[in-house]
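Notes follow the structure.
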Amino acid sequence: MTTVMPEELLSRARAGDDRAFREMTQPHLRELQVHCYRMLGSFHDAEDAVQETLLTAWRGLGGFEGRSSLRTWLYAIATNRCLNVRRAAGRRRAREWDIPGVQPPEPTQLGEVPWLEPYPDALLDGTAREPGPEESSERTESISLAFITALQLLPPRQVAVLILRDVLGFPAKQVADMLGGTVESVASALKRARANLRRTLPGEGAREERAASASSAETVVVSRFVAAYEAGDLDALVALLTDDVFMSMPPMALEYVGRELVGRFCALLFAAGRRYRLIATRANGQPAFGIYVHTPDGLVTSGLMTITIAGDRIAAMSRFENTVIPAFGLAPTLPA
């Protein structure tokens, strides 16, 4: 998407007209936020990065000579801002298990991306031209939690090059200009990034299975999942899981693999007779649910869960804290 910018609008913005500046930049804000989210893996960090990008652009507008499009210039600023965040030492650390009197099962492994947050599908609309079926599938894959998590494990420059080249389609020369490097260095970083991703992400078969499930079985699986969760029916919930189901819960580092272990953890959710109501939404191209626990004062949010469907089963579950709820337009409480 390239926007032709009227010279009059640019002149007004350079003269200090902030309304003209907002009019210039508004068409790019959503796609910039998605870009920063891919770079940083955190919805809140992406929001901050976009605001800092706009501030930098406003202050540096006099140096924008129009040799590239405004969109390309903004992407260059946003990418370099995200690289600074990625290279900083102060990113959020994993939170310890803090529920008194409750001992979780021994985890299969400890996650390395405690800052991971989900991204609302509603905010993906309007980030690019209307995609066809193949493009829509590719866009969903490029925002999936598995893909976003894998990006966080790559060196920062590889992440930037991979997103700018493979996801957004910028030419190698433009990417080199954005990052202050050469076309050769961009090609080398892209090759390494692709190789690293292949070692981390599921193969083509798994992606095709997920794509097929979205059109054929998702409604049935979602309905069964909601019914089991709201009824506190652990057996029915476990029956929906694949043998190698994966469960994570950022910002806690605990991760579980396998139906038996995930089932043991889910048993903790239903302990002491706790009951829930699930409100459907979507995150990262997959089903998600605001989770509300019944209390004497009504329904109170306890977080958000996403599920990844493979065939007629659930292959992954990710549970996030209730701090992500506002981004999805969900209320913190509901009437009983």
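Any read-out appearing in this document is the output of simple, stated calculations on the displayed coordinates, not a laboratory observation. Given the structure is predicted, the values throughout are model-derived calculations rather than measurements. In this analysis, Cβ positions are derived from the backbone assuming ideal geometry, glycine residues included, and neighbour counts consider all displayed protein chains.
Just how large is the dipole of the stretch 1-91 about the Cα centre, in debye to the nearest 20, putting +1 at every Lys and Arg Cβ and -1 at every Asp and Glu Cβ? Don't skip to the end; give the middle numbers.
Numbers: 13 positive and 11 negative charges, 65 e Å.
Result for the stretch 1-91 is approximately 320 debye, rounded to the nearest 20.
Simple spin-label model, 7 Å along Cα-to-Cβ: Thr219 to Ala280 in nm? Placing both labels 7 Å beyond Cα along the Cβ direction yields 0.9 nm. Take the Cβ atoms of Leu9 and Arg91, set R0 to 51 Å, and the FRET efficiency comes out at 0.85. Taking all Cα pairs closer than 8 Å and separated by 6 or more residues, the relative contact order of the chain comes to 17 percent. Per-peptide packing, taken as the mean over residues of other Cβ atoms within 10 Å, places 69-81, 183-195, 101-113 in the sequence 69-81, 183-195, 101-113 from highest down. Backbone amide hydrogens, once placed in the peptide plane, bring Leu299 within less than 5 Å of Leu334, Ala336, excluding anything fewer than 5 places away on its chain.
Please compute the contact order of the stretch 1-91 in relative form: average sequence separation of alpha-carbon pairs under 8 Å and at least six residues apart, divided by the residue count, as a percent. Please list the in-between numbers first.
Working: 66 pairs, mean separation 28.2, N = 91.
Here the relative contact order equals 31 percent.
From its DSSP helices (H runs of at least four residues, each -39,500 (n - 2.57)), the chain gives a residue-normalised ellipticity at 222 nm of -14000 deg cm²/dmol. Length available on full extension from Leu153 to Asp233: 0.36 nm per residue minus the Cα-Cα distance, which gives 25.2 nm. Candidates Ser69, Pro27, Phe147 compared by Cα position along the dipole of the chain: farthest toward the positive end lies Ser69, with charges placed on Cβ.
If you take the charge dipole of the stretch 229-279 about its Cα centre, with +1 on Lys and Arg Cβ and -1 on Asp and Glu Cβ, which of Val238, Phe265, Ile279 is farthest toward its positive end? Most positive-ward Cα: Ile279.
Reducing the stretch 96-116 and the stretch 35-69 to their Cα centroids gives an inter-centroid distance of 34 Å.
So how many Å³ per residue does the convex hull of the Cα atoms of the chain work out to? Intermediate results must be reported in sequence, preceding the final value.
Values: hull volume 50.7 nm³, N = 336.
Residue-normalised Cα hull volume stands at 151 Å³.
The simple spin-label model puts a point 7 Å past each Cα toward its Cβ; for Asp98 and Val300 those points are separated by 1.5 nm.
Per the Debye calculation on the stretch 1-91 with a single equal scatterer at every Cα and no solvent contribution, log₁₀ I(q)/I(0) for q = 0.18 Å⁻¹ amounts to -0.76. Annotation for Gln109 and Ala267: the two label points, set 7 Å from Cα along the Cα-Cβ direction, are 2.5 nm apart.
Taking every DSSP bridge with both residues inside the chain, close to 85 percent are antiparallel.
Evaluated with a Cβ-only charge set (Lys, Arg +1; Asp, Glu -1), the chain carries a dipole of roughly 840 debye about its Cα centre, given to the nearest 20.
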